[in-house]
Amino acid sequence: MSIRGPSRRVRRKFLSSVNKLLILLILGSSPKPIYGYQIAKIIRELSEGKITVNTSTLYSMLRKMEKDGLIRSIWRKSTLGPPRRYYFITESGSQLFTEIITYLRMITKYAEKRKRIFEFGSD
């Protein structure tokens, strides 16, 4: 019997969800709206270059998140070129983010507890 890892589709779907959480984190932490390229840059910086998001994938996620009411966007003039679309988190997006963080904290607490149980049992 061979053990296989998750399919490419499953991996892509999971990572997409993680990236959406990162986007909510970034937009929820920003005091002002930010544009897509800035979001991609912040993700790269936060992950120390380990996570990069393809720009077409990022903008697709942003459109979907906006359609779902998690974020909103506005167009602003840019001194460096054409107008840019700036994104910000909505109340609904902020509530979802808070729920997810609460859930992740609970999972982390449970994982730490399980780890201690297994460490205690290995003596």
May I ask you to derive the FRET efficiency for Lys64 and Lys32 from their Cβ-Cβ distance with R0 = 25 Å, giving the value to the nearest 0.05?
-> 0.65
How big is the chain by Rg and Dmax over its Cα atoms, in Å?
-> 18.2, 65
Using +1 on the beta carbon of Lys and Arg, -1 on that of Asp and Glu, and nothing else charged, what's the dipole of the range 8-121 about the Cα centre, debye to 20?
-> 400
Cβ-derived FRET efficiency at R0 30 Å, Arg85 paired with Arg12, nearest 0.05 | 0.75
Net charge over other residues, Cβ less than 15 angstrom from the Cβ of Lys109 (K, R count +1; D, E count -1) | +4
Can you figure out the FRET efficiency of Ile107 with Thr55, using R₀ = 30 Å and their beta-carbon distance, to the nearest 0.05?
-> 0.45
In deg cm²/dmol, rounded to 500, what helix-only [θ] at 222 nm does the chain give when every DSSP H run of at least 4 residues adds -39500 (n - 2.57) and the total is split over its residues?
-> -21500 deg cm²/dmol
Counting Lys +1, Arg +1, Asp -1, Glu -1, what net charge surrounds Ile74 among other residues with beta carbon under 10 Å of its beta carbon?
-> +4
Taking K and R as +1 and D and E as -1, what net charge do the other residues with C-beta under 14 Å from the C-beta of Ile26 add up to?
-> +3
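Taken together, the values in this text are just the output of simple stated rules run on the coordinates, not laboratory data. Small disclaimer: the values here were computed from a predicted structure and weren't measured. Here the Cβ is made from the backbone with ideal geometry for all residues, glycine too, and neighbour counts use every protein chain on show.
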